[in-house]
Structure formats: C-alpha cells, structure tokens
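Just below is one structure, and these are the notes that go with it.
The values are calculated or read from the model by the stated rules, or taken from the named source; none is laboratory data. Computed from a predicted structure; not experimentally measured. Backbone-built Cβ (ideal geometry, glycine too); neighbour counts: all protein chains shown.
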Amino acid sequence: MKRPLLLLFCFTITSLTACGFHLRGSYNLPSTLKHLELKINTASALYLPLRDSLQQAGIQLDASDYTLEILEDSLNKQTTNTDSRAKAAEYTLYYTVSYQIKNNDNKTVSPERRLLLRRNYQYDTTTIVGKTAEEETLIHELYQDAAQQILRQLSSFKPATTATP
C-alpha cells in the first residue's frame, strides 16, 4: 500500500517541477546581480523589507557592478466612500515606488520602473482601535509586496546595451 502512495507522490512532485512551478519567493536571479549595492534612504519603511527580501534571494548587498537605486517611495491615503453622515466609510492606501539600476559609472542600465500598489479597507468609527491596527497591517503588507515585486522584476534584468546618464 505504501508503494503506490510513494509513486503518486513522486509523480506529483515531478509534474510540478516540469510545469515550471516554483515556490513563492524563489527567484532565478541573473548572476550579474548576485552582488548588488542598495541605495535607499534607511529611514524609508521600504528599506528593511527590501533588504531582507534581497538577502533571502541570495543577493549580497555590498559594492558591486550594479546599484539598485530607489528614486521615490510614497504612501498616500484617500477617502473613497462616505456614509450618510458624510464621514469616511472607506479608505484606499496608495503606495508608489520608482527605481532604476545603475552601473559603476553611474549610468542607467535599466529604465526607471514604477510600481503602484493599493489596498482598500472599510472604516467604522465605532471600532477605531481595530481599524488603526488594520491600516498598519495593510501598510506593512504594501511594503512587503513592493519588495517582492521589485525582486520579481530583477529576475528578468538584462543590462541595456546603451547606457544613459
């Protein structure tokens, strides 16, 4: 009885790897990015999630041929719905990140990329404490998602043949 179950397990694992399935968070990064310098304001809330994601992907954050430069990251909150008393009933959080990759000569080798992430949440004035915690959780998730998206985009990095200043 154990043999057919073992064969089924092996077949399932083999078919998953054959179809290109990869665990979330595992990226096939180009060897040129195994060492990368990270240029970001350390006071930015994106700094720690991005640094940790890059290190978990096996990237050494030290002097290198390439620099990942975060040009902008901003978080905005907008009211998207109001209740009958004209009080905010729903908010949308917008998080924008733009970045580029430069070489040692400070020339851009990858065009500027911009990410826009958003999260909606309902706001109830009777549960302000819970909603504040929910908002903080959503903001933290935005930073984590931005770091993962940057890493995903880095996996397709190919230096441009003509560098621009």
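Among residues of region 81-110 being part of a strand (DSSP E or B) and loosely packed, with under 14 Cβ neighbours inside 10 Å, the one that is modelled with the lowest pLDDT is T82. Of all residues in region 70-99, exactly one satisfies the criterion of being under 14 Å from the mean Cα position of the chain (by Cα) and in contact (Cβ under 8 Å) with a residue 60 or more places away in the chain, namely D73. Within region 57-69, if we keep just the residues that are assigned to a loop (DSSP other than H, G, I, E, B) and surrounded by 12 or more Cβ atoms within 10 Å (Cβ to Cβ), the residue that is nearest to the chain's Cα centre (by Cα) turns out to be A57.
Please find, within region 22-45, the residue that is modelled with the lowest pLDDT out of those that are over 17 Å from the mean Cα position of the chain (by Cα) and either surrounded by fewer than 10 Cβ atoms within 10 Å (Cβ to Cβ) or among the hydroxyl-bearing types (S, T, Y) (or both). Ranking the candidates gives S31 first.
Residue selection: R113 fails the criterion of being exposed (fewer than 12 other Cβ atoms within 10 Å of the Cβ) and either in a strand (DSSP E or B) or of a type outside the set (D, E) (or both). Does E72 fit the bill of being under 18 Å from Y143 (Cβ atoms), at pLDDT 75 or above and outside any helix (DSSP H, G or I)? Considered against the rule, which asks whether it is under 18 Å from Y143 (Cβ atoms), at pLDDT 75 or above and outside any helix (DSSP H, G or I), E72 comes out as yes.
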